[in-house]
Amino acid sequence: MTTTSTTSSISLPRDSNQSLGIGRYACDFMSGRIGSPGDVVAARTTMFFTDSVLCGLSALACRTNAPTILRDEAHEYPRDNGACCLGSTARVSPEKAIAANASAVREWDSNGTNFGYNPELGHVAGEFGHNDFYAVPIAAAQVAGLDGAAALRGMICLDEIRGRLAEVFSLKSYKIDHVVHGAIGSAAVYGAMLGATPEQIESAIGMTVAHYVPWRAIRAGHQLSDSKGASAALSTEAAVLSMQRAMRGFVGPGDIFRNPEALWRQFEPTSGDCPFDLVLSHSGDDFAVMGMHFKLGLYEHQSAGALQGLIDLLSANPDLLENPSMLKGIHITAYEPAFGIIGDPAKRDPHTRQSADHSMVYIVSTMLRKAFDFAAEAGTGAIADGNDAWWKKLMLEPADYGRDALHNEMTRRLMDGIEFKHGGSEYDERYPDGIPTSMRINLADGRELDSGFVMYPSGHARNTTCDLKDILAHKANLLGRIAMEDPGSIIDRCNGMSELDAPGLLSLLDCQIELRDHID
């Protein structure tokens, strides 16, 4: 077969050279030869971008370890026509700026998420992914002298490539880290924005897959390390280096998706084809980014159903918060992989932020502890009115994972009273369409509060009930005020990125970051 196209997408069948096809798609999309994304696509991508920048600025303000190290490292590589790190207009080698910025936006694990689910095409591999990679089109535009509209187009293109790959191949099933999909998209978009040919992009993708595949060992262990949060940053740095080398003439392995020794066919053997077909949108509203989800605070997204269940129960039963001794036990039921990832017995006693934000019992207990604290201050359990107000009131923030919070006595008592179990096929069959979770709270007076089945919590792409823009505006301000007294200017700049000219894009990320106490 050969590549086929419609008025809104191209298809790269499994018996075609898909790495070359991705290169052609990226070049054609970025040059404008194809592609007219709908306004809703541009708007949603901009929302994810702004969200990521505020996550990154606050992480740097709190002097988190990996982002600080990588940012300091980047400034050791000055380059006249380079790219800029968050909070600076100093130009450095683009791959170093990308590594620093991607690490910063990912550090809190609070930016966007996808679950690789496209039932219309039968592409439901369910691979995770995150909106960690916007540093790539920003850097490429700064190096090439392009404007904000070009940078936004690059973001849409990168999300499309990595998002569609997540729909057709589950890396996690083979203990490979999900950032490989983003690294492939990064190589393609960086090259296309800098004038690479499709063949050069094919070489760069081949080098990235053949030389730089990260295992999920970076996410294993009783207490997680910097490698977990910096995974996207380091893989993307390698992808951009591969693209730069390909543009200088280095020839990497071609046709990597059909290569019998590459990961795709090693894990899913075929007689010669790639294990999957790939469909990439270029026009209209059906882009991968439209199925990606927002985190409304700092928490592992697999816990979002439980947090929504908790908010639903507290808002309906605010009297619970007026007397903590009324609480006798909490029972949470969810699906795999939520149970496996954030129900790991080692996560019942987290001692680092990276482990705490992957602990269901810690995340839920911390939100509940905050609710008790607010109720004690207010003298009433009715501390908010309506779903959106409850999310904003109880939003989990960096301080909720600091040293004091990790060892808060009430939080630890609440953690001991939580039972978290796997719900079996009834729950598993509904993922990754939703985040199937239920919560029951037992009270001393004999009542049992039941959340019922939670599928589409606030922030989920298929949630239609919350005021997403309002909650995200609160989150941006909350995180922004960690980094500076008034974050309004940087928020407005990010929201208006598509209107910036090339000089304006160079100063897009410029701001004075006020350093705070360490969170780690």
Practice task
With the condition kept exactly as written, say whether any residue in segment 268-291 is surrounded by 15 or more Cβ atoms within 10 Å (Cβ to Cβ), among the charged types (D, E, K, R) and part of a helix (DSSP H, G or I).
Solution key: no
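State whether the residues of segment 182-195 include one that is among the hydroxyl-bearing types (Ser, Thr, Tyr), within 30 Å of ARG44 (Cβ to Cβ), under 26 Å from the mean Cα position of the chain (by Cα) and not assigned by TED's automatic domain parsing to the domain that holds ASP349. Talk me through it step by step, then tell me what you get.
At the first step, the residues of segment 182-195 found to be among the hydroxyl-bearing types (Ser, Thr, Tyr) are 186, 190.
Applying the additional criterion that residues be within 30 Å of ARG44 (Cβ to Cβ) yields 186, 190.
Filter once more, so that each one left must be under 26 Å from the mean Cα position of the chain (by Cα): 186, 190.
Cutting the leftovers down to not assigned by TED's automatic domain parsing to the domain that holds ASP349 gives us 186, 190.
Taking every residue of segment 182-195 in turn, at least one turns out to be among the hydroxyl-bearing types (Ser, Thr, Tyr), within 30 Å of ARG44 (Cβ to Cβ), under 26 Å from the mean Cα position of the chain (by Cα) and not assigned by TED's automatic domain parsing to the domain that holds ASP349.
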Exercise for the section: Kindly indicate whether any position in segment 163-174 is in a helix (DSSP H, G or I), closer than 22 Å to TYR456 by Cβ, in contact with a strand residue (DSSP E or B) (Cβ under 8 Å, 6 or more places away or on another chain) and of a type in the set (Asp, Glu). Expected result: yes
Exercise for the section: Say whether the condition of being touching a strand residue (DSSP E or B) at 6+ places or on another chain (Cβ under 6 Å), modelled with pLDDT under 95 and surrounded by 18 or more Cβ atoms within 10 Å (Cβ to Cβ) is met by at least one residue in segment 340-358. Expected result: yes
Handout entry: Residue match in segment 212-220 (condition: among the hydroxyl-bearing types (Ser, Thr, Tyr), within 21 Å of the chain's Cα centre (by Cα) and not in a helix (DSSP H, G or I))
Key = yes
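Mind checking whether some residue in segment 176-192 is under 30 Å from GLY340 (Cα atoms) and surrounded by fewer than 22 Cβ atoms within 10 Å (Cβ to Cβ)?
Taking segment 176-192 as the starting set, the residues that turn out to be under 30 Å from GLY340 (Cα atoms) are 176-186.
Subsequent filtering for residues that are surrounded by fewer than 22 Cβ atoms within 10 Å (Cβ to Cβ) retains 176.
Yes - at least one qualifying residue is present in segment 176-192.
Which members of segment 439-462 meet the condition of being assigned to a loop (DSSP other than H, G, I, E, B) and either crowded, with 21+ Cβ neighbours inside 10 Å or within 30 Å of the chain's Cα centre (by Cα) (or both)?
Step one: list which residues in segment 439-462 are assigned to a loop (DSSP other than H, G, I, E, B), which gives 444-447, 451-453, 455-462.
Result: SER451, GLY452, PHE453, MET455, TYR456, PRO457, SER458, GLY459, HIS460, ALA461, ARG462.
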Exercise for the section: Identify all residues within segment 247-267 that are buried (at least 18 other Cβ atoms within 10 Å of the Cβ) and either assigned to a helix (DSSP H, G or I) or at pLDDT below 95 (or both); write none if there are none. Expected result: MET247, LEU263, TRP264, ARG265
Exercise for the section: Just name the residue that is surrounded by the most Cβ atoms within 10 Å (Cβ to Cβ) out of those in segment 478-520 that are of a type in the set (Gly, Ala, Ser) and out of contact with any Gly (no Cβ under 9 Å at 6 or more places or on another chain). Expected result: SER507
Completion exercise
Selection from segment 90-109 of residues over 12 Å from GLU73 (Cβ atoms) and either out of contact with any Phe, Trp or Tyr (no Cβ under 9 Å at 6 or more places or on another chain) or surrounded by fewer than 24 Cβ atoms within 10 Å (Cβ to Cβ) (or both) yields ALA90, ARG91, ALA104, ARG106, GLU107, ASP109
Practice task
Please tell me if ALA378 is outside the structural domain of LYS228 (by TED's automatic domain parsing), of a type in the set (Gly, Ala, Ser) and either in contact (Cβ under 8 Å) with a residue 60 or more places away in the chain or surrounded by fewer than 23 Cβ atoms within 10 Å (Cβ to Cβ) (or both).
Solution key: yes
Practice task
Filter segment 171-185 for residues that are over 11 Å from VAL213 (Cβ atoms) and charged (D, E, K, R) and give the result.
Solution key: LYS172
Practice task
Identify the residue in segment 317-339 that is part of a helix (DSSP H, G or I) and under 31 Å from the mean Cα position of the chain (by Cα) and, among all such residues, is surrounded by the fewest Cβ atoms within 10 Å (Cβ to Cβ).
Solution key: PHE339
Completion exercise
Given the conditions (1) in contact with a His (Cβ under 8 Å, 6 or more places away or on another chain); (2) surrounded by fewer than 21 Cβ atoms within 10 Å (Cβ to Cβ); (3) of a type in the set (A, V, I, L, M), every one holds for ILE435 apart from (2)
Handout entry: Filter result (of a type in the set (A, V, I, L, M) and outside any loop (DSSP other than H, G, I, E, B)) within segment 483-520
Key = ALA483, ILE490, ILE491, MET497, ALA502, LEU505, LEU506
Problem - Of all residues in segment 119-173 being of a type in the set (D, E, K, R) and closer than 17 Å to ILE22 by Cα, the one that is farthest from the chain's Cα centre (by Cα) - result: ARG153
Problem - Hits in segment 398-423 - residues which are of a type in the set (D, E, K, R), assigned to a helix (DSSP H, G or I) and over 26 Å from the mean Cα position of the chain (by Cα) - result: ASP404, GLU409, ARG412, ARG413, ASP416
Problem - Residue among LEU158, LEU146, LEU152, LEU121 that is surrounded by fewer than 24 Cβ atoms within 10 Å (Cβ to Cβ) and either closer than 23 Å to LEU505 by Cα or of a type outside the set (A, V, I, L, M) (or both) - result: LEU146
Problem - segment 463-476 - residue that is within 19 Å of the chain's Cα centre (by Cα) and assigned to a helix (DSSP H, G or I) and, of those, nearest to GLY291 (Cα to Cα) - result: LEU468
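Residues in segment 142-158: is at least one assigned to a helix (DSSP H, G or I) and without any contact (Cβ under 8 Å) to a residue 60 or more places away in the chain?
Checked against the condition, which is being assigned to a helix (DSSP H, G or I) and without any contact (Cβ under 8 Å) to a residue 60 or more places away in the chain, segment 142-158 yields at least one hit.
The values are calculated or read from the model by the stated rules, or taken from the named source; none is laboratory data. All of these numbers come straight from a predicted model, not from anything done at the bench. Cβ atoms come from the backbone with ideal geometry, glycine included; neighbour counts cover every protein chain shown.
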